[in-house]
2 protein chains.
Amino acid sequence: MECNVPTDITFSFSGLALRGGAKGPHADGWGLALYDGRVARTFLEPHPAHASVLARFVRDNPIKTLLAIAHVRKKTRGEPTLANTHPFVRELWGRHFTFAHNGTVKGARDLPLGSFAPIGTTDSEHAFCALLELLRKKFRRYPSRKRDLWEAVARFGGVIGRRGSFNFLLGDGEHLFARCATKLAYLERRAPFSHATLADDDVTMDFSAVTNTTDRVAVVATVPLTRDEVWTQGVPGQMWVFRGGQRRATLASV
Amino acid sequence: MECNVPTDITFSFSGLALRGGAKGPHADGWGLALYDGRVARTFLEPHPAHASVLARFVRDNPIKTLLAIAHVRKKTRGEPTLANTHPFVRELWGRHFTFAHNGTVKGARDLPLGSFAPIGTTDSEHAFCALLELLRKKFRRYPSRKRDLWEAVARFGGVIGRRGSFNFLLGDGEHLFARCATKLAYLERRAPFSHATLADDDVTMDFSAVTNTTDRVAVVATVPLTRDEVWTQGVPGQMWVFRGGQRRATLASV
């Protein structure tokens, strides 16, 4: 979720958490990264989200944010441990980068590393460390010309993506990058606000009651989280860039 | 807290949280890092600990760990923001290092950085980044001869400590390093276990009911957390190393 005004992720997270073991097979852990400026705080557990008291606490005590990444895990490589739980976090250029991956990158361990080393055993974390290293080597500091960063993330995402399905969400405190390898969808929620109903539950939210007309919220998910809103499907090999609750660019990422 | 068996930090954290705005002036934020092997999960808030619903959640739903670092902040430099909240976390050699500081390092911004950059504006985070960079430059990977690491942390801690009061706790998932610049105390809790009473409250815990005879727990704090146990006071310019719930070394750190 990426917004132009601090927003709580409760509604979307509730829908996602259902897929964490109740209405979906993603029961090997869950995580949530919530930005406050350049810093992200994370809530992580190597257990199913739907039964987690911590996940319930986060829903009951919503924290407003401009940028959040949430993940429920169905493991392909790596045991269900805390170290293998997405989103992964690293500091680069004095800001947190957070990363969640859906898919499997083959031979990820062959990707060259540098300043960032995996703590766990997933292909996902290794690919994230490799991606950050490519960015670190290209830019000495956070690029002032943002489009340079967007293009680099898309290109390096494409390089790593040749090894397998590399659907990812990457946050840097300013942007949400969303790469589609196989499956991804997004939604821009803006005025006139209406209601929305979770795809996996009978929960309906009336956004017109909790928003101002200038609010914009972009939501990206592997599979649409609501059933009565218009979601845009991603094209494999493309990457979206979101900022201020809007899609700013669609870049080739091959 | 550093232990030889997974232990929950509820009792000690309850005592510390009282100092976070209720029985002490440290009301500018609180944080808790709990290790699970090489990875740490953190709970952080730029608000007083004693009134925090998240701090209460952590107390009500204890997570067992071998190594934890908790901090309540009374700000000297840097605003009470999430980015300025201890403990700070960075990955080095594929493990999380966590760091909490009590004191002020003068001219911290002059300390050379490299692979680690501060996200916030505190002297503490800058000093932590500089300390990690010194370690990273000295060792290509996590040293197999642990005493080399202990001595390096003590030496580099002493170098930075020349600039001001550098009382710190540093965790790496295996050790707890505790440097005394002005004030520090520790306790080894082991059999025969008895009861202990918090220094700042009338809460008493009977450890004999929840422990085995081989359990060992080391607790380090600026000021002793309990009033009926024997705490060892630190000597300025010395650093303790804890592992397996025992003090393993006392090193000069000047």
Looking at region B:99-112, can you tell me whether even one residue there is free of Cβ contacts under 8 Å to residues at least 60 places away in the same chain and within 10 Å of chain A (Cβ to nearest Cβ)?
no
Among the residues of region B:77-84, is any in contact with a strand residue (DSSP E or B) (Cβ under 6 Å, 6 or more places away or on another chain) and closer than 23 Å to B:Val223 by Cα?
no
Which residue is nearest to B:His101 (Cα to Cα), if the candidates are limited to region B:200-232 and must be of a type in the set (Asp, Glu) and in contact with a His (Cβ under 8 Å, 6 or more places away or on another chain)?
B:Asp228
Quick check on my filter: what residues within region B:25-52 are hydrophobic (A, V, I, L, M, F, W, C) and more than 13 Å from the chain's Cα centre (by Cα)?
B:Ala27, B:Val39, B:Phe43, B:Leu44, B:Ala49, B:Ala51
All positions within region A:146-178 that are under 14 Å from the mean Cα position of the chain (by Cα) and either of a type in the set (Phe, Trp, Tyr) or farther than 24 Å from A:Ala68 by Cβ (or both):
A:Phe166, A:Phe168, A:Phe177
Checked against (1) buried (at least 20 other Cβ atoms within 10 Å of the Cβ); (2) modelled with pLDDT of 95 or more; (3) part of a helix (DSSP H, G or I), B:Val58 satisfies every condition except (2)
Boolean, B:Leu131 is more than 9 Å from chain A (Cβ to nearest Cβ) and either buried (at least 20 other Cβ atoms within 10 Å of the Cβ) or hydroxyl-bearing (Ser, Thr, Tyr) (or both)
yes
Within region A:90-108, of all residues that are among the polar types (S, T, N, Q) and in a strand (DSSP E or B), the one farthest from the chain's Cα centre (by Cα) is A:Asn102
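Please pick out the residue among B:Arg19, B:Arg38 that is crowded, with 18+ Cβ neighbours inside 10 Å, under 16 Å from B:Asp201 (Cα atoms) and either basic (Lys, Arg) or in contact with a Lys or Arg (Cβ under 6 Å, 6 or more places away or on another chain) (or both).
Result: B:Arg19 is the single residue among B:Arg19, B:Arg38 that is crowded, with 18+ Cβ neighbours inside 10 Å, under 16 Å from B:Asp201 (Cα atoms) and either basic (Lys, Arg) or in contact with a Lys or Arg (Cβ under 6 Å, 6 or more places away or on another chain) (or both).
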From the list B:Asp123, B:Asp148, B:Asp110, which residue is acidic (Asp, Glu), touching a helix residue (DSSP H, G or I) at 6+ places or on another chain (Cβ under 6 Å) and either modelled with pLDDT of 95 or more or over 30 Å from A:Gly173 (Cβ atoms) (or both)?
B:Asp123
Region B:61-72 residues that are touching a residue at least 40 places away in the same chain (Cβ under 8 Å) and assigned to a loop (DSSP other than H, G, I, E, B), paired with ones that are of a type in the set (Ser, Thr, Tyr) and surrounded by fewer than 21 Cβ atoms within 10 Å (Cβ to Cβ) (beta carbon under 7 Å, 6 or more apart)
B:Pro62/B:Thr10
With respect to the numbered conditions (1) surrounded by fewer than 13 Cβ atoms within 10 Å (Cβ to Cβ); (2) within 17 Å of the chain's Cα centre (by Cα), which one is the sole condition not fulfilled by B:Pro192?
(2)
Residue identified as within 22 Å of A:Phe57 (Cβ to Cβ), within 12 Å of chain A (Cβ to nearest Cβ) and small (Gly, Ala, Ser) among B:Ala70, B:Ala117, B:Ala55
B:Ala55
If we ask which residues in region B:76-85 are farther than 12 Å from B:Phe43 by Cβ and either buried (at least 18 other Cβ atoms within 10 Å of the Cβ) or within 13 Å of chain A (Cβ to nearest Cβ) (or both), their number turns out to be 6
Which residues, taken from region B:9-52, are touching a residue at least 60 places away in the same chain (Cβ under 8 Å), within 14 Å of another protein chain (Cβ to nearest Cβ) and either assigned to a helix (DSSP H, G or I) or closer than 20 Å to B:Val217 by Cβ (or both)?
B:Ala33, B:Tyr35, B:Gly37, B:Ala40
Output the qualifying pairs, or none if there are none: Cβ atoms under 6 angstrom, residues six or more apart or on different chains, first residue in region B:203-216 and surrounded by fewer than 11 Cβ atoms within 10 Å (Cβ to Cβ) and modelled with pLDDT of 90 or more, second residue hydroxyl-bearing (Ser, Thr, Tyr) and not in a loop (DSSP other than H, G, I, E, B).
none
Over region A:200-217, the set of residues among the aliphatic types (A, V, I, L, M) and either in a loop (DSSP other than H, G, I, E, B) or in contact with a Leu (Cβ under 6 Å, 6 or more places away or on another chain) (or both) is A:Val203, A:Val210
Single condition A:Ala249 does not satisfy, out of (1) part of a strand (DSSP E or B); (2) hydrophobic (A, V, I, L, M, F, W, C); (3) under 15 Å from the mean Cα position of the chain (by Cα):
(3)
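The values are calculated or read from the model by the stated rules, or taken from the named source; none is laboratory data. From a predicted model like this one, the values you see are computed outputs, not experimental measurements. Please note: Cβ atoms are built from the backbone with ideal geometry, for glycine as well, and neighbour counts cover all protein chains shown.
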